[in-house]
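Everything on this sheet refers to the single structure shown next.
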4 protein chains.
Amino acid sequence: MAYEPQKSDNFTFGLWTMGNPGRDPFGEPVRKGFTPVEMVQELGKLGAYGVNFHDNDLVPFGSSAAEQDRIVAEFKTALSDNGMTVPMATTNLFGHPVFKDGAFTSNDSRVRAFALQKVMRSMDLGYDLGARVYVFWGGREGAEVDAGKDAVTAIARMRDGMNFLCEYSKSQGYDYKFALEAKPNEPRGDIYLPTTGAMLGFIATLAYPEMVGVNPEVAHETISGLNFYHAVAQAVDAGKLFHVDLNGQKVGRFDQDLRFGQEDAKNAFFLVRLLESYGFTGMKHFDAHALRTSDRADVIEFAKGCMRTYLILKEKAKQFDADPVVQEILAHLNTSGDAESDTLLDGGFTKEKGDALKSRVFDVDALTAKSLPYEKLDQRTFEILHGVA
Amino acid sequence: MAYEPQKSDNFTFGLWTMGNPGRDPFGEPVRKGFTPVEMVQELGKLGAYGVNFHDNDLVPFGSSAAEQDRIVAEFKTALSDNGMTVPMATTNLFGHPVFKDGAFTSNDSRVRAFALQKVMRSMDLGYDLGARVYVFWGGREGAEVDAGKDAVTAIARMRDGMNFLCEYSKSQGYDYKFALEAKPNEPRGDIYLPTTGAMLGFIATLAYPEMVGVNPEVAHETISGLNFYHAVAQAVDAGKLFHVDLNGQKVGRFDQDLRFGQEDAKNAFFLVRLLESYGFTGMKHFDAHALRTSDRADVIEFAKGCMRTYLILKEKAKQFDADPVVQEILAHLNTSGDAESDTLLDGGFTKEKGDALKSRVFDVDALTAKSLPYEKLDQRTFEILHGVA
Amino acid sequence: MAYEPQKSDNFTFGLWTMGNPGRDPFGEPVRKGFTPVEMVQELGKLGAYGVNFHDNDLVPFGSSAAEQDRIVAEFKTALSDNGMTVPMATTNLFGHPVFKDGAFTSNDSRVRAFALQKVMRSMDLGYDLGARVYVFWGGREGAEVDAGKDAVTAIARMRDGMNFLCEYSKSQGYDYKFALEAKPNEPRGDIYLPTTGAMLGFIATLAYPEMVGVNPEVAHETISGLNFYHAVAQAVDAGKLFHVDLNGQKVGRFDQDLRFGQEDAKNAFFLVRLLESYGFTGMKHFDAHALRTSDRADVIEFAKGCMRTYLILKEKAKQFDADPVVQEILAHLNTSGDAESDTLLDGGFTKEKGDALKSRVFDVDALTAKSLPYEKLDQRTFEILHGVA
Amino acid sequence: MAYEPQKSDNFTFGLWTMGNPGRDPFGEPVRKGFTPVEMVQELGKLGAYGVNFHDNDLVPFGSSAAEQDRIVAEFKTALSDNGMTVPMATTNLFGHPVFKDGAFTSNDSRVRAFALQKVMRSMDLGYDLGARVYVFWGGREGAEVDAGKDAVTAIARMRDGMNFLCEYSKSQGYDYKFALEAKPNEPRGDIYLPTTGAMLGFIATLAYPEMVGVNPEVAHETISGLNFYHAVAQAVDAGKLFHVDLNGQKVGRFDQDLRFGQEDAKNAFFLVRLLESYGFTGMKHFDAHALRTSDRADVIEFAKGCMRTYLILKEKAKQFDADPVVQEILAHLNTSGDAESDTLLDGGFTKEKGDALKSRVFDVDALTAKSLPYEKLDQRTFEILHGVA
């Protein structure tokens, strides 16, 4: 079992991942990050499908058109030479001080306008490079001082921005799908629309909800201690899983962006099983970076590890689904007790069914008595996951 | 300023709040909880508007029709005698062992059918008593062992249940508004649709989304460390704030259901200001209980304190909005930098506006230079809140 | 590889673990808990070493002396018949309403005196049954309202209680070791001395610190998101690991007391490796309970699972330590760069060494350049743990 | 009531606080930080007592002796001109990449030796500038990959380092008090000795425990959701509160270092009341920084706000202690029920007292019945704090 990534695995990395130089709030850079061209070369060798970028990962803020053209040409050559693609693009609306109090939710209309311009230009760039999913992560769209910004107004401004950009995409003939990425906090004390669920709620208020889905990220949901597998399941249920950001994170602390599977391998397992069993065809994007202790050789190990871990868990999912002990327990759990209930529930409400159900006499003790061997099942899962089943 | 509750304040309490006898996972009851009739009497004197209940708060599980009739008649008399109402009702789908693995999301169709029956009957009871908002809190709709229940299926079953009950409500001619209440965990390890945002996303997938809104609860959102004011703001923005549960909670621990304002008074302040400034006309429901150290006299203090705190914060909100220092800062913050941006942003996208915006030259340094005196504003807020401004 | 527990594994269970009937704050009991005698029988068959108890797990609160004698006699017979022991005992100072505001830290001297009496009697009982470790978990020693109890005074009262009981143990000729168990919250909003570290600090202020150590619990440290392996390492370093409570817990929520290894198997692995490699000879106590969904058969699976998981992780630890890739990386990491530094650091400070060190010229760039392949190491750990290395 | 800081208030600021330029992991600097000389000037005007520094806050890493001399001379002049002092100093053992895997706990003896050298030199510098408290915050003394560093060894190395430096301090005739500052995580995934309690436990294992105390920080304890007032109370109880770091933080997220009182003003109130009522004579150090949205004028507001908030809460503490409602409740709570209990508990254990206590008959119902009006007390506290009592 080689766990060698294939193009068909749809594994991608952001340019900011291997590009990360290991700077943090308490310390200076520790290594030379991989340049975009270097990343394309290295990831091509490792079997990744493609790379993603924020505009300024590729083209520095304030570059001239000529500089941009030169950079993009060189990058396209590297992509082509290494059999790599750019399936997703996004905008950096958080790094420059102009966005220090948000982009779409800034109280200053000039900043909101500038943010829209930056996205439009970045959408053009991304489309040109092949991206068909456009991610929005509003890192600065939040507050530490709720006195300063009305949250209802902020959310309305976020919607105005999204609607404007949906129209822009349509007017350009771009067939972008937009994927909204939630995060509860950091760099802001609190970020608006802090969970994947909140983003799904927000999408329902947009002018073109069919264009817009979500990009859930392991670390972001996990910071709040929420079950990431559940969050992605809701997105799948809603038909809104357009992209997924895979990494690792411990609950209740700063954004770690660890290697996929580094923490809570069990939840990662259920996530992989979900993606595989529901036939997710989008990109599996490793939005992570190597530890600050890593040098460039260890950054390569990090990238390989992300992909290997996914493939290991994918194999575990197959083994789990085929395991006779698991199968027996799941069959027991999922056997409905009676056809009458199935009939009443199937196909929705009618007056007759409602009447029948309301007057039915249930044997509550019998229902209560059904065994639910979850300890046994979870222990079996542990043993399959740890290779001793 | 007496901070005396008025009927027009729309303050309500669940029967389980003053009824709570102070039992917890590590200890036995410490006091006799107030009976429904006692609560109606006491709260009537204190100026509350009404009480809410789960079916089994009023009518014990398994009561005969005759017992129910007797209990309801006595309760109606108490309501009438004390000038109290029942604006909201809900169903206990978590206390009895039959629901130990969920109600609407149980793998067992009999349990799902029984849950629907229990809700239908409870809706009848609630409607008869005057309730026009029906709350759903699915305390057992979750898992500790994700191997045992497919989360996508679970969410689909939740939807089936809600759709069925919407139809039932319509078929009965009830004009109920449904309010979904999220909680991230406890009593389950993880509960599906764990945040108010997730509920808003779920509502968008229902057959009758217009009938369904949310009932955000301070404690539930706060367990995950999310900003409750932001969560309610999203509900307001979406037109979905049908009810609100007020209490107190420390982040990242068991469900405390503390007195409103007991923790994070600042967030409570922004919440009250939001409810007041956006004209929320629904019920302000104190879904809290007195500490286990309290005797019955202190339970009364608890109930008074919930309402007093709301009224104190309401007054603070007025003072804040009238404060000249605050006004000056907010005026500065909200002054848009230029008419050109306003024009571009107002009224949505057109091809012409898009072109104009994309080619506009922004003075980024000027935008960046605008001062944002949030420290000053937050300090002023602190001083207003603490009565020293 | 059978993962069959042996007596030499020193696995114990509290009577409250399999005895738990599945009640929680939102629901009623779901099963008949195992009685003390049943537990001794079942655990004897499964290979456990012994059981532990709070006084009232065995002898109900308020029992007469005659009742106690009868219960104890029956229990001793069961122990003897099943080859089981009682290595640890403790006191229930949290269940009865008299302790609703604490025992040793109550503001009421009568409650403090009553608590001491209860412990003395329970120490007698435990000693008679063979216990030589006595655990203190002060579940109610905390507050929700810091206005009501001075925290400095509370800690001083805790010390007075511990000193009193140390003296009592000595006066009786008991050779008890006391093991203090910390928890950050639940059932109190905040519990004093909330971490294993805080307990170690507190021990240093006692009259007989040599008699007193700690009983760290996975779930309790994990509620606060602290690294349990680190906490136990500190206890080992201090020579204070007298007992250990093994279970599982997700960060930042109510006390779950899950099956050992159910959450964060990686941290559990480092814990097991620590206990094994540092030759911990105390009891490995599974202070956990089956899920509320479990029936009695599944409770047995739960108990078996706790022990199997430990043994699986113990085997993984051996494999990890023997793995050539791991060995190579650790050898690289632990190779000191030069003898001069070793010499300066070995054996502590002298004036000469201080002078030499202060004036030494370091090649900081060379030190910085040393590679730290932690990504590679952690990925290898993942693969060993998951049985694919 | 002016809330004007006085020298006697012992308010200090780290050079890194107003010096912070507003850089974070997602964005570039937004302002010119105040230089050391500027800070001394500004804070002198505002009424602060002094400033603290890490060696490299004042003297950049790698400066020559001549450069250091020039910088220090200029700084001394500024101190003298502005009536400011340097009561505390510390070492930056986290910023330079050489410390990327720790300083005292590095696996590399050269790094450990270099760290000691850096501290010795910084102790010399600090002493020369008047510092008599020396703080240790081991920001990099932790791990993300527990496979790479044995935690027991790491803690032992931490002790070796502290012992070495205690000896150095003594050998130089410095009368430094060392104050250890804990933090649970960030920048490392987990930091060893993560809480103030853990530091107190660690101190007990040192060669010169009497020289070493703690420097608790609001934000650091709060990240883990621990009650900071309780943590400081334990330090006070142990006689180990040598310094305190005041700021603000929301639970369960990245290190925010907010303005003192910006979050959880109630806990800040109990902290201030503790410091004032127990006569803390050390420095009240605001280890905070202005928001990234702030410009230099708002940084001044931030610094003023920290001090004003302390003084406001100090006044509230006086009001609380004098309040007749509070006094009445506290008197009720603290009245012991009987002299017999007091006598038994006073002065510790004797055989006679033990016997008497063990056989005493308690009226448990009477003890249980004592009222504990904590709801009333907490509501009163709320009203005093919010200026409406």
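The values are calculated or read from the model by the stated rules, or taken from the named source; none is laboratory data. Please read these numbers as outputs of a predicted model, since none were measured by experiment. Glycine also receives a Cβ, built like all others from the backbone with ideal geometry; neighbour counts cover every protein chain displayed. Side chains are part of the model used for accessible areas, which takes the heavy atoms of the whole protein and leaves out ligands, DNA and RNA. Shrake-Rupley method; radii C 1.70, N 1.55, O 1.52, S 1.80 Å.
Here are the numbers for this structure:
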| item | result |
| --- | --- |
| Relative contact order [Cα under 8 Å, 6+ residues apart], region A:255-389, whole percent | 28 percent |
| Rounded to 5, percent antiparallel among DSSP beta bridges of chain A | 15 percent |
| Other copies of residue A:368: label-to-label distances in nm, shortest first, labels 7 Å along the beta-carbon direction | 2.6, 6.8, 6.8 |
| Structure-based [θ]222 nm, chain A - -39500 (n - 2.57) summed over DSSP H runs of at least 4, per residue, nearest 500 | -14500 deg cm²/dmol |
| Amide H partners (placed H, <5 Å) of residue A:23, local residues excluded | A:30 |
| Rounded tilt (10° steps) of A:151-171 against the dominant C-alpha axis of chain A | 70 degrees |
| Cα-based Rg of the protein assembly as shown normalised by 2.2 N^0.38 Å, two decimals | 0.88 |
| Chain D, closest residue to the rotation axis toward B, by beta-carbon, whole angstrom | D:387, 1 |
| Calculated FRET efficiency for the pair residue A:355/residue B:81, C-beta based, R₀ 30 Å, to 0.05 | 0.25 |
| Rounded to the nearest 10 Å², the accessible area of residue D:210 at probe 1.4 Å | 120 Å² |
| At 7 Å out from Cα toward Cβ: residue D:64 inter-copy label distances (nm, ascending) | 4.0, 9.4, 10.2 |
| Helix D:265-277 vs. chain D, principal-axis angle (Cα, 0 to 90°, nearest 10) | 80 degrees |
| Solvent-accessible surface (1.4 angstrom probe) belonging to residue D:38, in square angstrom, nearest 10 | 50 Å² |
| Length released on extending from residue A:342 to residue A:3, taking residue separation times 0.36 nm less the Cα-Cα span | 117.8 nm |
| Size of the C/A contact, given as accessible area buried on both chains, probe 1.4 Å, in Å² | 3400 Å² |
| Within the protein assembly as shown, percent of DSSP bridges classed antiparallel, to nearest 5 | 15 percent |
| Label spacing, shortest first and in nm, from residue C:318 to its equivalents in the remaining copies (7 angstrom along Cα→Cβ) | 3.1, 7.0, 7.6 |
| For region B:7-315: span of alpha carbons on each principal axis (Å, largest first) | 47, 46, 42 |
| Restricting region D:1-87 to trypsin sites (Lys or Arg not before Pro) in coil, as DSSP defines it, with at most 16 other Cβ within 10 Å | D:23, D:32 |
| Relative contact order, percent, chain C [alpha-carbon distance under 8 Å, six or more residues apart] | 14 percent |
| Mean separation of Cα contacts under 8 Å, 6 or more apart, over the residue count of region C:205-290: relative contact order % | 32 percent |
| Sequence-distant lysines (8 or more away, or on other chains) whose Cα lies within less than 20 Å of residue B:284 | B:7, B:45, B:177, B:183, B:240, B:266, B:304, B:314, B:316, B:318 |
| Degrees, to the nearest 10: A:36-46 long Cα axis against longest axis of chain A | 40 degrees |
